[in-house]
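Undergrad: Input: one structure, supplied below.
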Amino acid sequence: MSRFASAFQSGRSALVCFVTGGDPTPDATPAILDALVEGGADVVELGMPFTDPMADGPAIQRANLRSLAAGTKTADIFAIATGFRARHPNVPLVLMGYANPMTIRGADWFAAECTTAGVDGVICVDIPPEEDPELGPALRAEGISLIRLATPTTDAARLPAVLDGSSGFLYYVSVAGITGLQQAAQASIEDAVARLKAATDIPVAVGFGVRTPEQAAEIAKVADGVVVGSAIIDIVAAEGANAPTKVRDFVRSLRTAMDHAREKTA
Amino acid sequence: MTLINSLRTQPDDRGHFGQFGGRYVAETLMPLVLDLETEYRKAKADPAFHAEFDDLLEHYVGRPSPLYFAPRLTEELGGAQIWFKRDELNHTGAHKINNCIGQILLAIRMGKTRIIAETGAGQHGVATATVCARFGLPCIVYMGATDVARQAPNVFRMKLLGAEVVPVTSGAATLKDAMNEALRDWVANVDDTFYIIGTAAGPHPYPELVRDFQSVIGKEARAQMLSRVGRLPDVLVASIGGGSNSIGLFHPFLDDPSVKMLGVEAAGHGLDKEHAASLAGGRPGILHGNKTYLLQDEDGQITEGHSISAGLDYPGIGPEHSWLKEIGRVDYTSVTDTEALEGFQLLCRTEGIIPALEPAHAIAAVRKLAPTMDKDQIILVNLCGRGDKDIFSVAEHLRVSL
């Protein structure tokens with residue numbers, strides 16, 4: 001069974017946690033990733049910092065800039081990924097970021113590095129299906145999942161193109177907007193997840209604006225996964241050296257709330 | 001007549017100019033970009049759209065702009081005849097308004113009720129605020145906080161015109177960051193908002209439609225040249241930041257093999273120091289929705305551009321220029337801040353025209369080029385903006401206190 005398949009077992013909603021690699025420093029990231037796993041994260045998303053994170057809200061923008069100011073290089077991100085894979089052989093690891101750092105040395109180079117580092121999937125914010133040749137074929141050739149985003153603007157006519165070539169899971173961006181700000185209404189999330197699940201067999205995870213255990217629990221009732229990012233980034237930004245402990249406790253509160261939500265509905 | 005080998009049929013149906021261009025946007029924006037393309041195809045085929053565009057250009061913008069022979073500059077440089085396309089005489093003082101007229105007409109066709117824009121020096125912001133006032137639409141202009149501070153007169157102009165100017169503090173707080181913030185606004189306001197991009201860059205179809213709207217410059221110039229001199233110019237020269245004034249001049253001449261073209265990038269403090277010459281000092285990458293030459297490091301992190309001209313200090317360039325460079329149809333060069341300042345003063349002194357610092361770069365290139373050419377040859381320069389906005393920064397660089 002692939003790591004994704006293990007993480008998205010039926011009857012249970014997976015917790016997908018995002019942090020920006022190298023924030024606040026490359027040396028600090030491994031302990032924060034370990035804290036995500038200890039807290040109960042089922043999938044870890046490692047953000048590759050970029051100077052121009054156009055789809056991100058203020059929290060993740062600042063995380064990107066802190067990381068770059070600390071001197072984080074692409075090589076550091078792959079070193080962090082390699083270390084994570086050695087410590088956590090069974091937890092799916094996803095790299096998330098923007099097209100330019102992923103493709104600047106060639107998509108084949110990037111895909112090969114992902115394989116070497118034990119990365120399971122890649123989310124590239126600014127490569128829509130229309131530009132798939134830029135990255136998709138290289139990843140698929142290496143057996144790396146290309147995880148696409150579906151959004152409230154992805155209509156029924158467009159959805160097949162988004163799903164074509166997608167694997168691992170489908171990331172539903174629940175609001176038209178940037179990361180970390182407003183949250184969508186639960187009813188609209190339920191409708192969207194039902195629509196997506198009717199169109200695909202791969203798991204559907206919901207993210208953007210999920211900040212509290214209560215929100216995560218509500219989404220866990222309907223979706224195969226819940227993605228939390230900015231709320232964790234805020235803890236990293238505020239807590240400094242104490243961040244791993246606080247992150248672990250917060251993630252645990254998310255996981256616990258999600259488990260209880262499923263028990264209640266079961 | 002269909003020209004099989006025409007250079008004027010780009011981009012392809014996926015928005016690519018060779019390997020450049022494309023639609024590298026977040027999924028949320030992709031349906032909007034596709035809608036815009038569909039609507040632009042309809043508008044392009046609609047005579048009523050062209051009639052309204054042409055009417056506004058004539059009676060509101062003041063087109064056609066004059067074609068002017070510069071006798072004293074020609075004499076001073078002692079070579080080719082120098083002619084100017086006087087787009088600095090447009091309403092709002094630059095070529096930017098041509099594009100804004102076209103895009104706001106598209107926005108109205110699409111039923112959009114809110115306009116956003118990015119601006120660096122403020123010229124595009126002023127032009128956007130102008131057309132929004134003209135058509136009664138709310139206007140939000142994103143502008144780097146650094147630029148807000150150094151371009152105070154344009155900020156005031158935009159406010160007078162009813163626009164809301166939002167200072168952007170992320171990154172270096174300049175044009176690149178303003179564009180990021182405008183994209184963030186667009187992605188959060190997908191139903192009612194039209195994004196008027198100021199240069200021939202961004203996701204397809206923006207590079208194409210901005211070029212088409214700005215091509216009025218080259219179409220007029222070509223006809224004016226033929227009517228006044230009876231032949232085409234030998235060389236076209238234009239400055240390049242994102243590249244909208246230059247592509248507007250060049251594009252109608254691309255299939256005229258006798259016409260050479262020279263794009264002039266900003267070499268800032270020098271190509272070995274801080275500069276904004278994406279073609280000379282960058283390499284292909286992906287930013288702001290398109291693949292094009294970018295200033296970046298080995299990891300693909302975007303580096304900051306520098307130029308004395310706030311209108312040129314963008315770390316990228318429109319994708320059609322990247323393609324024209326790669327196929328060798330257009331030559332590209334660069335001039336430094338110091339050379340641009342000299343060009344600025346040269347035009348003031350010889351022709352009684354105060355140019356913007358952007359076309360001052362083109363004049364600096366002409367200063368080197370003209371003496372190498374024969375006196376019966378013709379150089380046509382796009383004078384794309386006037387210098388009123390720049391007199392304070394020029395004074396500072398010349399160490400004059402006002």
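Every read-out reported here was derived from the displayed coordinates using simple, explicitly stated rules and does not represent laboratory data. Note that the structure is a prediction, hence the values are computed from the model and not measured. All Cβ positions, even for glycine, are placed from backbone atoms using ideal geometry, and neighbour counts span all protein chains on display.
Undergrad: Hey, how many Å between the Cα centroid of the range A:1-53 and the Cα centroid of the range B:220-286?
TA: When both Cα centres are located, 48 Å separates them.
Undergrad: May I ask you to give the average projected area over all directions of the convex hull of the Cα atoms of chain A, in nm² rounded to one decimal?
TA: 12.3 nm²
Undergrad: If I take all pairs of Cα atoms in the range B:1-58, what percentage of them are more than 17 Å from each other?
TA: Here the tail beyond 17 Å accounts for 59 percent of pairs.
Undergrad: Another one. When you look at the Cβ of every residue in A:122-128, what mean number of other chain Cβ atoms sits within 10 Å?
TA: 6
Undergrad: If you line up the Cα atoms of the protein assembly as shown on their principal axes, what length do they span on each, largest first, in Å?
TA: The principal-axis extents, from largest down, are 86, 50, 48 Å.
Undergrad: Still on this structure: Any chance you could run the full-extension gain for B:ARG228 through B:HIS397? It's 0.36 nm times the residue separation minus the Cα-Cα distance, nm to one decimal.
TA: Between B:ARG228 and B:HIS397, full extension yields 57.0 nm more.
Undergrad: Read phi for every residue in the range B:224-234 and hand back ³J(HN,Hα) as whole Hz from Karplus 6.51 cos²θ - 1.76 cosθ + 1.60, θ = phi - 60°, with x for Gly and Pro.
TA: After applying 6.51 cos²θ - 1.76 cosθ + 1.60, I find 5, 4, 4, 6, 7, 10, x, 7, 7, x, 7 Hz.
Undergrad: Just the ratio, please: alpha-carbon radius of gyration of the range A:121-266 over 2.2 N^0.38 Å, N its number of residues.
TA: Against the empirical 2.2 N^0.38 Å value, I get 1.10 for the range A:121-266.
Undergrad: Still on this structure: What list of ³J(HN,Hα) values in whole Hz, one per residue of the range B:355-371 in order, does the Karplus curve 6.51 cos²θ - 1.76 cosθ + 1.60 (θ = phi - 60°) give from phi, with Gly and Pro shown as x?
TA: Values per residue, Gly and Pro as x: x, 5, 5, 5, x, 4, 5, 5, 5, 4, 5, 5, 4, 7, 7, 4, x Hz.
Undergrad: Let me ask something else about it. Can you give me the Cα centroid spacing of the range B:39-86 and the range B:170-192 in angstrom?
TA: 31 Å
Undergrad: Less than 20 Å from a label point 7 Å out along the Cα-to-Cβ axis of B:ALA145: which backbone N atoms in the range B:269-309 qualify, by residue?
TA: B:304-305
Undergrad: For the range B:276-402, just run the numbers: alpha carbon Rg, then divide by 2.2 N^0.38 Å, N being how many residues it has.
TA: Relative to the rule-of-thumb radius for its length, the range B:276-402 sits at 1.17.
Undergrad: So what's the Cα pair-distance distribution over the range B:170-242, bin width 5 Å, in %?
TA: 3, 12, 16, 18, 15, 11, 8, 7, 6, 4, 0
Undergrad: For peptide A:145-154, how many partner chain Cβ atoms fall within 10 Å of a residue's Cβ, on average?
TA: If you average over the peptide's residues, the count of other-chain Cβ atoms is 3.
Undergrad: Another question, if that's okay. So what are the ³J(HN,Hα) numbers for the range B:79-88, from phi and the Karplus equation (6.51, -1.76, 1.60; θ = phi - 60°), rounded to whole Hz, Gly and Pro as x?
TA: Karplus-based 3J(HN,Hα) across the range B:79-88 equals x, 4, 6, 10, 10, 10, 8, 8, 6, 6 Hz.
Undergrad: Hey, got the average number of other protein chain Cβ atoms within 10 angstrom for residues in B:290-298?
TA: For this peptide, the per-residue mean of nearby foreign Cβ atoms is 2.
Undergrad: Here's another thing I want to ask about it. Taking springs between alpha-carbon atoms closer than 10 angstrom, which of A:ILE235, A:ILE77, A:ILE123 fluctuates most in the Gaussian network model of chain A?
TA: Judging by the Gaussian network model, the answer is A:ILE235.
Undergrad: While we're looking at this one, here's another question. Considering just Cα atoms, how many Å³ per residue does the convex hull of the range B:18-167 enclose?
TA: 190 Å³
Undergrad: Given the -39500 (n - 2.57) contribution per DSSP H run of 4+ residues, what per-residue ellipticity at 222 nm results for chain B, rounded to the nearest 500 deg cm²/dmol?
TA: -12000 deg cm²/dmol, from helical runs alone.
Undergrad: Further, regarding this structure: Within chain A, which whole H helices from DSSP have a Cα span along their axis of at least 24 Å and a mean Kyte-Doolittle hydropathy of -1.0 or more, if any?
TA: What comes out of the filter, once short or polar helices are dropped, is A:243-265.
Undergrad: Give the list, by residue number, of cysteines in chain B with no other Cys Cβ closer than 4.7 Å, or say none.
TA: So, B:CYS100, B:CYS348, B:CYS384.
Undergrad: How large is the Kirkwood hydrodynamic radius of chain B, counting all unique pairs of alpha carbons, in Å?
TA: That comes to 20.8 Å for chain B.
Undergrad: Using the count of nearby Cβ atoms within 10 Å as a rough guide to exposure, how do B:MET179, B:MET225, B:MET110 rank from fewest to most?
TA: The order, fewest Cβ neighbours first, is B:MET110, B:MET225, B:MET179.
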